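Trainee: Take a look at the following structure, please.
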Amino acid sequence: MRLKGENFDAEGEKEEEQKLVVGYALTLKKKNSFLQPEFERLARKKGISFVAIDVNRPLSEQGPFDIILHKLLGKEWSDIIEDYRQTHPEVAIIDPPDAIQHVYNRHSMLQNVVNLNLSDFPGRVDVPRQMVIMKDPLSIPDEVAKAGLKLPLVAKPLLVDGSAKSHELFLLYDWSSLSELEPPLVLQEFVNHGGILFKIYIIGDTIKVVRRFSLPNVTKCQRAKVPGIFPFPRVSSAAASADGADLDPHIAEHPPLPLLERLSKELRQRLASYLLRDIELGKLSYMIREHGTRDIFYVIDINYFPGYGKMPDYEVIFTDFLLTFMKSKYRKLVN
């Protein structure tokens, strides 16, 4: 960690000596949502400095850094970060490219939830039944029928590549519409969940849950009479928040925190060989409760480095996390 002289912010308040230098390589959209003024101001007061990485210059010529925080796609960037990680083992990379690559595939990301060891808890955590379609749209109805999936289905692009198209989700009620889809994609059975889903943020050992409005339950009548492909509404925005709404407690009750803590721990162990080796950053993303139950949950999506700017109190949680993480890292180096 680096130390500098005494500093004061724009309001004349004393800042702590600089302890931590965080280099960041983020898209403009992610930078604007994450590095909000209040967050940067609080970070400076705690001795944390955020420095933009110039992707057009050799990374080895920049810094020095204590932590590199990044969310950029592409093999060229992955190679740069991997080379830097090998030559600068003292710098914490959040996270290594090969560690997060796994969650960019919507099918493989959820396979790690299947058959998790949660036997100590009542109820069940699973994923909706799903299948991958790689090509030939005309064969999709037959493939879905053979797999035994039931309508309605949610269609999702297979890869999460950061483009707007990769976030386009659709709901299908009838068989004929299946052949209009564009592979590669994942088809997932729609689970009635009372129109509410839970967005779960994980930063280290801290777990925060917020409620978001989602699609209402689908009735048998709708399944029989609604043809076509319908775009899924975006539920990640703060405008979709359901935290202040007057909701049925059987629907709105948060998943039990001990269950989420155990789920996070089990996923960390299962993915330890290639994912989140040093850190756990926003892995579990969206969870729903099956309507009519209290303790049957489904994980429907996993997202690395989600929109923390929409998480309550993220400024305090994230700055404390960075400082705690570095203290832990340096203790390991000393020992």
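Trainee: Inspect region 103-110 for any residue being assigned to a strand (DSSP E or B), of a type outside the set (S, T, N, Q) and buried (at least 16 other Cβ atoms within 10 Å of the Cβ) and give the result as yes or no. Break it down into steps so the answer makes sense when it comes.
Mentor: Within region 103-110, the subset assigned to a strand (DSSP E or B) is 105.
Cutting the leftovers down to of a type outside the set (S, T, N, Q) gives us none.
Checked against the condition, which is being assigned to a strand (DSSP E or B), of a type outside the set (S, T, N, Q) and buried (at least 16 other Cβ atoms within 10 Å of the Cβ), region 103-110 yields no hits at all.
Trainee: With the condition kept exactly as written, say whether any residue in region 223-230 is modelled with pLDDT under 80, open to solvent by less than 30 Å² (accessible area, probe 1.4 Å) and touching a Pro at 6+ places or on another chain (Cβ under 8 Å).
Mentor: no
Trainee: Any chance region 117-131 includes a residue that's of a type in the set (S, T, Y) and within 25 Å of V226 (Cα to Cα)?
Mentor: Looking only at region 117-131, we keep the residues that are of a type in the set (S, T, Y), and these are 119.
Filter once more, so that each one left must be within 25 Å of V226 (Cα to Cα): none.
No, every residue in region 117-131 fails to be of a type in the set (S, T, Y) and within 25 Å of V226 (Cα to Cα).
Trainee: I140 fails exactly one of the following numbered conditions: (1) farther than 21 Å from F325 by Cα; (2) within 25 Å of the chain's Cα centre (by Cα). What is the number of that condition?
Mentor: It is condition (2) that I140 fails.
Trainee: Taking R212 as meeting all but one of (1) of a type outside the set (F, W, Y); (2) buried (at least 18 other Cβ atoms within 10 Å of the Cβ); (3) at pLDDT 85 or above; (4) assigned to a helix (DSSP H, G or I), write down the number of the exception.
Mentor: Only one criterion is unmet by R212, namely (4).
Trainee: For residues that are surrounded by fewer than 17 Cβ atoms within 10 Å (Cβ to Cβ) and among the basic types (K, R), scanning just region 274-327, find the one that is modelled with the lowest pLDDT.
Mentor: R277
Trainee: With the condition kept exactly as written, say whether any residue in region 128-135 is surrounded by fewer than 17 Cβ atoms within 10 Å (Cβ to Cβ), at pLDDT below 90 and more than 28 Å from D95 (Cα to Cα).
Mentor: Step one: list which residues in region 128-135 are surrounded by fewer than 17 Cβ atoms within 10 Å (Cβ to Cβ), which gives 129, 132, 134-135.
Narrowing the set further to residues that are at pLDDT below 90 leaves 135.
In the following step, the residues that additionally are more than 28 Å from D95 (Cα to Cα) were identified as 135.
Checked region 128-135: at least one residue is surrounded by fewer than 17 Cβ atoms within 10 Å (Cβ to Cβ), at pLDDT below 90 and more than 28 Å from D95 (Cα to Cα).
Trainee: Still on this structure, please answer the following. Output the number of residues of region 254-265 satisfying the condition of being outside any loop (DSSP other than H, G, I, E, B) and open to solvent by 30 Å² or more (accessible area, probe 1.4 Å).
Mentor: First, pick out the residues of region 254-265 that are outside any loop (DSSP other than H, G, I, E, B): 257-265.
Remaining after also requiring open to solvent by 30 Å² or more (accessible area, probe 1.4 Å): 257-258, 261-262, 265.
Summing the residues that are outside any loop (DSSP other than H, G, I, E, B) and open to solvent by 30 Å² or more (accessible area, probe 1.4 Å) in region 254-265 gives 5.
Trainee: From the list S78, S33, which one is in contact with a Pro (Cβ under 6 Å, 6 or more places away or on another chain) and either acidic (D, E) or open to solvent by less than 60 Å² (accessible area, probe 1.4 Å) (or both)?
Mentor: On the way: S33 fails: in contact with a Pro (Cβ under 6 Å, 6 or more places away or on another chain).
When all the criteria are applied, what remains is S78.
Trainee: Considering only residues that are farther than 23 Å from Q101 by Cβ and either assigned to a loop (DSSP other than H, G, I, E, B) or at pLDDT below 90 (or both), which ones fall in region 146-158?
Mentor: G148, L149, K150, L151, P152
Trainee: Inspect region 44-63 for any residue being touching a residue at least 60 places away in the same chain (Cβ under 8 Å), open to solvent by less than 70 Å² (accessible area, probe 1.4 Å), among the basic types (K, R) and not in a loop (DSSP other than H, G, I, E, B) and give the result as yes or no.
Mentor: No - not one qualifying residue is present in region 44-63.
Trainee: Does P184 count as surrounded by fewer than 18 Cβ atoms within 10 Å (Cβ to Cβ) and farther than 26 Å from L267 by Cβ?
Mentor: No.
Trainee: Would you say I202 is crowded, with 19+ Cβ neighbours inside 10 Å, of a type in the set (A, V, I, L, M, F, W, C) and modelled with pLDDT of 90 or more?
Mentor: It is false that I202 is crowded, with 19+ Cβ neighbours inside 10 Å, of a type in the set (A, V, I, L, M, F, W, C) and modelled with pLDDT of 90 or more.
Trainee: If the requirement is being assigned to a helix (DSSP H, G or I), surrounded by fewer than 14 Cβ atoms within 10 Å (Cβ to Cβ) and not hydrophobic (A, V, I, L, M, F, W, C), which of these qualifies: D142, D120, D161?
Mentor: Result of the check over D142, D120, D161: D142.
The values are calculated or read from the model by the stated rules, or taken from the named source; none is laboratory data. Since we're looking at a predicted model, the values are computed, not measured. Virtual Cβ from ideal backbone geometry, glycine too; neighbours counted across all protein chains shown. With ligands, DNA and RNA removed, areas are computed over all heavy atoms of the protein, side chains included. Shrake-Rupley method; radii C 1.70, N 1.55, O 1.52, S 1.80 Å.
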